[in-house]
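Please read the structure below before turning to the comments.
The values are calculated or read from the model by the stated rules, or taken from the named source; none is laboratory data. Just so you know, these numbers come straight off a predicted model, no measurement behind them. Every residue, glycine among them, receives a Cβ derived from its backbone with ideal geometry; neighbour counts consider all protein chains shown.
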Amino acid sequence: MYVLYIANKNYSSWSLRPWVLMRNLGIAFEERLVPFVEDGKRNDFHPFSPNGKVPCLHDGATVVWDSLAIVEYLAERHDGVWPQEPIARAFARSAAAEMHSGFGALRQSCSMTCGQRIRLHQIDAALHSDLERLQALWQEGFARFGGPYLAGAKFTAADAFYAPVAFRIQTYQPPLAAAARQYVERLLGLPSMRAWYDAALAERWRDEAHERETLAVGTVSEDLRQAPAH
């Protein structure tokens with residue numbers, strides 16, 4: 001069985017990508033969660049991950065790191081990771097790759113913290129540009145392939161790559177057009193996403209670096225997480 005190493009569900013957007021994909025496609029795996037910080041010390045991921053980061057997938061003696069590489073490894077072994085139709089598959093791969101390497105302002109201004117609600121101090125030009133591009137990309141997918149997912153009727157890796165964005169939108173509530181908002185709600189309503197969210201709320205670990213990132217960009221209006229461990 002696959003073993004998928006991840007970090008905190010509240011913070012780790014990269015971990016969510018293969019996790020939610022495998023859950024949605026019914027690909028069996030064992031989850032091993034290693035928090036970023038535990039007992040006041042930052043955990044070292046190198047013993048199980050060559051680059052010291054998560055996610056990392058173990059398949060027997062084979063180790064695959066980086067979320068995009070994990071998805072492609074799974075696509076070689078399981079149907080449904082990418083759309084079957086070539087044009088839709090090309091779009092889905094492009095959309096996932098753009099999320100993987102782009103949207104820097106969105107990442108910086110809206111780091112993932114599932115259990116909080118935050119009012120942004122401002123939406124600067126860079127973040128506004130990312131939000132506009134995000135919505136244009138989504139709308140292109142819906143228009144070309146009919147929805148309700150980015151590349152057609154079925155959830156694929158393209159949607160898995162934007163699943164962390166859905167949590168970011170829920171947390172920071174930036175202005176979005178109706179179609180984009182509906183897509184966010186569709187992702188948030190998936191059983192896999194609800195399971196991740198519930199587990200994120202139950203976590204009692206806190207990573208002060210992540211906490212400082214959120215305080216730098218906005219005001220916390222609500223914190224739905226369990227009280228931190230002491």
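Key figures
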| read-out | value |
| --- | --- |
| Residues within region 13-60 that are out of contact with any strand residue (DSSP E or B) (no Cβ under 6 Å at 6 or more places or on another chain) and part of a loop (DSSP other than H, G, I, E, B), tallied | 16 |
| Residue identified as without any contact (Cβ under 8 Å) to a residue 12 or more places away in the chain and closer than 24 Å to ALA209 by Cβ among GLY146, GLY115, GLY52 | GLY52 |
| Residue match in region 18-37 (condition: without any contact (Cβ under 8 Å) to a residue 24 or more places away in the chain and among the β-branched types (Val, Ile, Thr)) | no |
| Selection count where residues are without any contact (Cβ under 8 Å) to a residue 40 or more places away in the chain, under 19 Å from the mean Cα position of the chain (by Cα) and at positive phi, scope region 57-97 | 1 |
| Identity of the residue in region 99-146, of a type in the set (Gly, Ala, Ser), under 20 Å from the mean Cα position of the chain (by Cα) and part of a loop (DSSP other than H, G, I, E, B), that ends up nearest to VAL71 (Cα to Cα) | GLY102 |
| Matching residues, region 98-118, being within 14 Å of PRO174 (Cβ to Cβ) and small (Gly, Ala, Ser) | ALA105, SER109, SER111 |
| Region 124-158 - residue that is hydrophobic (A, V, I, L, M, F, W, C) and surrounded by fewer than 18 Cβ atoms within 10 Å (Cβ to Cβ) and, of those, farthest from TRP205 (Cα to Cα) | ALA143 |
| Spans of helices (runs of 4 or more DSSP H) in region 149-230 with at least 1 residues outside the structural domain of TRP14 (by TED's automatic domain parsing), in contact with a helix residue (DSSP H, G or I) (Cβ under 7 Å, 6 or more places away or on another chain) and of a type in the set (D, E, K, R) | 157-172 |
| Residues being in a helix (DSSP H, G or I) and touching a Phe, Trp or Tyr at 6+ places or on another chain (Cβ under 9 Å) - total across region 61-71 | 3 |
